[in-house]
Amino acid sequence: MVIKSRELSNVVIFDIQGEIRRTDTVQETLHGLVEAQLDRGRRNLLLDFGGVEFIDSFGVGQILASYISTQHLGGKLKLCRISDKLLLIFKITMLDKVLDIHADCDHALESFGRT
Amino acid sequence: MADGFLERTLKRLGDVRGHEARAALALSAFFFLITATFYIIKPVKESFLIGSKPGWWPYADLATALLIGLVVAVNARLLDRLPRRTYLTASLLFFVSGLLVFWLIFDVHQKTLSSTPVADTSGVIFLLWAQTIIWNHFPVFVIAFCFWADIFIAMSVTQFWIAVNDVFGPHEAKRLIGLFVTGGLFGGIAGAAAAALMTVVRLVEPEDLLLVCPILLVLAIAAVNGVYAEKRRTDVVAGDERLAVPSKVGAWESFRAVRSDRYLRLLAAMVASAIVAGSLINYQFKWVVGNIYPTVQARTSFIALFFLVILAVSAAFHLLTTGRVLKSYGIRWAIAAAPAFLLAASAAVFVIPLGLMLAWAWVVRGGDKMFDNTLSQSVRELLYIPVSADVKYRAKIFIDVFVNKFATGTAAVLWIVLNAARNFEYRTDPLIIIRETGLAALAFLVLWLALTRFVYREYPAVLKKDLGRIWQEGRTVIDAHLDEKLVREIFDAVQSRERSTTLYYMNLFNLVRSKNLTPELQELLGIKRNELKARAMDALFDVGAAGGLYPGLEEAITDAEFQKEIDLIYLLPTYQKIMDENLGKIIGSPSEVERIEAANSICRMAPSPPTMDALARLLQDRSVEVVLYALNGASVHRWPEHVPVILRHLGNPMTVAEAQTALAAYGPEIVGRIAPHLRSADEPAEVRRAIPEVLARIGTQKAADILVAELARRRDDMEQALIDALYKVRAERPRVRFRERDLRPELRFLIRKACDVVLGPPGPPEEAGAALVIRLRRVFDLLTLLYLREDIVNDYQHILQGTSKSVDYALEHLDNLLDREDKELLFPLIEDLPDGERVVRLKKALRLK
């Protein structure tokens, strides 16, 4: 798993490549990276899942922990470009009821301005 | 005038912030001008009334009492229909025109006293019949003037406070109220002094004083227009909608607004009891003065001197104490100061000899007036501020006008009853009459004091009404919508399908056994076949044309009989014996999948020593995947010997969550075992930081006490984890108690650390700002342990992301909630202040140079 971050229109975008799995985690976890951005005062975070094929329970835990940390400080965490396969599991497990998921990143970025 | 100079000047009189300076000055000027006007009108009014026959005197009060309702109804309608600025301007112009009309009437009357009734120069304006009417019915005009003057003071003061409510929030108003009252007091002194000076040196005739007033009221119109012009400007800048248009109001609606709200009912009762007590004290005062100064001239001189001294003392008292009392002690104690003082002073009447009665009257009546002019007035107005805008206008009019007059009438009736009950023939001793009246006054003072407690108790609740949750906490949202553990198991089950068929079915079996799966989940896992699965699932998970690995097995797993059979196998002694003998070999397999399957299977086996030994080995497996399944097994069997190994997994980010779950599964008995690891210098920092979460999940009183004790060790690297854990305990275990004596020092320590971020920023401003937010978050998290969690979370959210009005409400709520020393340190951090001002205030609070 490779995670790169960039900033656009007051939103920190995490471009995630590969699979968010326990075994693929190198040094910094997704939650660790999110917390680092929160510590820098960033409150609008977008996880771009365009390059993610699958995640395991560790990945789910990382996303939910990131969501809790962001909410705790009054920030917003959104997801975009989730694969159909993942989206279906997200829907069935009702993760889509909790997480703000967008089909594409432009819509997600726009929605930060609206809310 | 430059804003900086204006701000510096106003700061000497009150806690005025830069953006408030213009509006605060304009409102103070407005209050100054209307009170100066009133104190010029007052001697004219009294002078003309006393000049009438004494039989006419009561009709002035009666007219006010009877007609005030009509005036309020008209006023309420105007308030409802007109824009606020137009309404205030129009009503002041109405009073200006009234002054001119009454001046003309009095002028005609006075001139005709010294000339013929028809040859006066003013007669060019009036028709002959009008002069005759004034001459023949002059007392009616005097009573009309008294009524008009009463209406003027009642309405103009109410309008002033309406303007304050429009422009400022409760916390702002509390800071600025000292400045406003100063304006009012100096206006009173200036008006009274001007009236006295002009009449003593006979610069003008008494009625000519009325011509000075229109000039002051025109200036007041300019001031109030300035206030609303400034408000419009700041609202545009802040994007804030403070000036809500009130809904329709009328006399009946005003009454209903008070009747339907417990807080307003209590407020009305408190105001009424204060006025009844004050009126009775006034009667006592009159009795004392009447007995000591028998002549009119001596009495008038004394009363004039009395009011001059009281106004001067009020101004001094106000400048020295009102702001400080409100800032340091808040409404809680300020509200009780007047009744407590008057109660003590009134009780003294029973031990004071007649010779000292005048001094006593000075103290008690002077104290009543002084508090009324200063602290009590400020507090009364502050108590209205948290009431929602539309209710406030109705309630304020009702309480300030109707309740006020009703209470004055009640006191008058009480006084008449007390006099009627006395035997005047035998009870001529003034001391007895004063003391008997004192008993009634004491009863109302006690009631007043008691009601202050009830009102204060309701005050925070009223403040909180508008402080709803801005956003739901992440954990709350997750818990409301999904079962996180189940979601994670599902993801693992789906993933395991790629790894091993057996493992997949093991996971499937565990899922089915432990959870009541929804039809959608069963579809996802291939347990139930139908059209949906054929269309979607197979394609998604590459199940293949057959639709399953072992067609029919998924359905069998859900079958109760099948599950029972599996359970029976695990319970078979022979199965256990064989497993005890072979488990060691199985877990030694080079195949990771086989070791995972073994770890998974151990969850269901009986906890024999060989099985637990095998589990211990699996917990130390080189594969993270194996360890995760083993941790799950450990959480099922809760074998004490596994604890040290599980603790080690707390240090690995890939296993920490499962290790925490496993340890938490041990329950309260493990608390004592893991506590030493929390503070052990030998443990890696990651392990120590993961332990508070375990204690939080166990959530017993002992676990909470350990967390608090560890927090008291003040280790930087543990702070966040400990506070997160304590916050979780408070959120999920409301029965757990936290001792204030343990937490207060830690709270103060955290606030001081937040102060350090401001006083010695760790980096550039952006970085320091972010660090301060994180520090404040910890402070507020800890505050949830000492105060009602919901309130603190709401206050925090509004301070962080509320509108300027809701931020002010949150600050006011905290101001009434927090300890004084905490407030002194915390408020400069959370208030909207320029950086320089924030540093100055923090240094002052920290007693730094």
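The values are calculated or read from the model by the stated rules, or taken from the named source; none is laboratory data. Keep in mind it's a predicted model, so treat the numbers as computed, not measured. Cβ coordinates were reconstructed from backbone atoms using ideal geometry, including for glycine residues, and neighbour counts include every protein chain displayed.
Given B:VAL218, B:VAL245, B:VAL236, which one is modelled with pLDDT under 85, in a helix (DSSP H, G or I) and surrounded by fewer than 17 Cβ atoms within 10 Å (Cβ to Cβ)?
Details: B:VAL218 fails: modelled with pLDDT under 85; B:VAL245 fails: in a helix (DSSP H, G or I).
Unique residue meeting the criteria: B:VAL236.
Might you let me know whether segment B:183-198 holds any residue that is within 20 Å of the chain's Cα centre (by Cα) and among the aliphatic types (A, V, I, L, M)?
Keep residues of segment B:183-198 that are within 20 Å of the chain's Cα centre (by Cα), which gives none.
Within segment B:183-198 (the criterion being within 20 Å of the chain's Cα centre (by Cα) and among the aliphatic types (A, V, I, L, M)), the answer is no, since none of the residues qualifies.
State whether the residues of segment B:624-637 include one that is closer than 24 Å to B:ARG777 by Cβ and surrounded by 18 or more Cβ atoms within 10 Å (Cβ to Cβ). Even if it seems obvious, please write down each step before you answer.
If we filter segment B:624-637 for residues that are closer than 24 Å to B:ARG777 by Cβ, which is where we start, we get none.
No.
Among the candidates B:GLU831, B:GLU767, B:GLU740, B:GLU824, single out the residue that is farther than 30 Å from B:ASP705 by Cβ and more than 14 Å from chain A (Cβ to nearest Cβ).
Numbers: B:GLU767 fails: more than 14 Å from chain A (Cβ to nearest Cβ); B:GLU740 fails: farther than 30 Å from B:ASP705 by Cβ; B:GLU824 fails: farther than 30 Å from B:ASP705 by Cβ.
Step by step, each of B:GLU831, B:GLU767, B:GLU740, B:GLU824 is checked, and only B:GLU831 is farther than 30 Å from B:ASP705 by Cβ and more than 14 Å from chain A (Cβ to nearest Cβ).
Yes/no per residue for (1) modelled with pLDDT under 90; (2) out of contact with any Lys or Arg (no Cβ under 7 Å at 6 or more places or on another chain):
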| position | (1), (2) |
| --- | --- |
| A:ARG22 | yes, yes |
| A:THR25 | yes, yes |
| A:LEU33 | no, yes |
| A:ASN44 | no, no |
| A:GLU53 | yes, yes |
| A:PHE58 | yes, no |
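Does segment B:455-470 contain at least one residue that is within 14 Å of another protein chain (Cβ to nearest Cβ), in a loop (DSSP other than H, G, I, E, B) and under 16 Å from B:ASN794 (Cβ atoms)?
Scanning segment B:455-470 turns up at least one residue that is within 14 Å of another protein chain (Cβ to nearest Cβ), in a loop (DSSP other than H, G, I, E, B) and under 16 Å from B:ASN794 (Cβ atoms).
I need the full set of residues from segment A:25-61 which are in contact (Cβ under 8 Å) with a residue 12 or more places away in the chain, more than 10 Å from chain B (Cβ to nearest Cβ) and surrounded by fewer than 17 Cβ atoms within 10 Å (Cβ to Cβ), in order please.
A:VAL26, A:GLY50, A:GLY51, A:GLU53
Exactly one condition in (1) surrounded by fewer than 17 Cβ atoms within 10 Å (Cβ to Cβ); (2) among the aliphatic types (A, V, I, L, M); (3) under 19 Å from the mean Cα position of the chain (by Cα); (4) more than 21 Å from B:VAL462 (Cα to Cα) is false for B:LEU788; which is it?
(4)
Could you pull out the residue among B:LEU722, B:LEU759 that is more than 14 Å from chain A (Cβ to nearest Cβ), modelled with pLDDT of 95 or more and over 19 Å from A:ARG43 (Cβ atoms)?
Numbers: B:LEU759 fails: modelled with pLDDT of 95 or more.
The conditions single out B:LEU722.
Please enumerate the residues belonging to segment A:90-113 that are more than 7 Å from chain B (Cβ to nearest Cβ) and without any contact (Cβ under 8 Å) to a residue 12 or more places away in the chain.
A:PHE90, A:LYS91, A:ASP96, A:ASP106, A:GLU110
Can you pull out the residues in segment B:430-465 that are surrounded by fewer than 19 Cβ atoms within 10 Å (Cβ to Cβ) and either among the hydroxyl-bearing types (Ser, Thr, Tyr) or farther than 24 Å from B:ALA334 by Cα (or both)?
B:PRO430, B:LEU431, B:ILE432, B:ARG435, B:GLU436, B:LEU439
Is at least one residue of segment A:73-83 surrounded by 22 or more Cβ atoms within 10 Å (Cβ to Cβ), within 13 Å of another protein chain (Cβ to nearest Cβ) and within 22 Å of B:GLY651 (Cβ to Cβ)?
No: zero hits.
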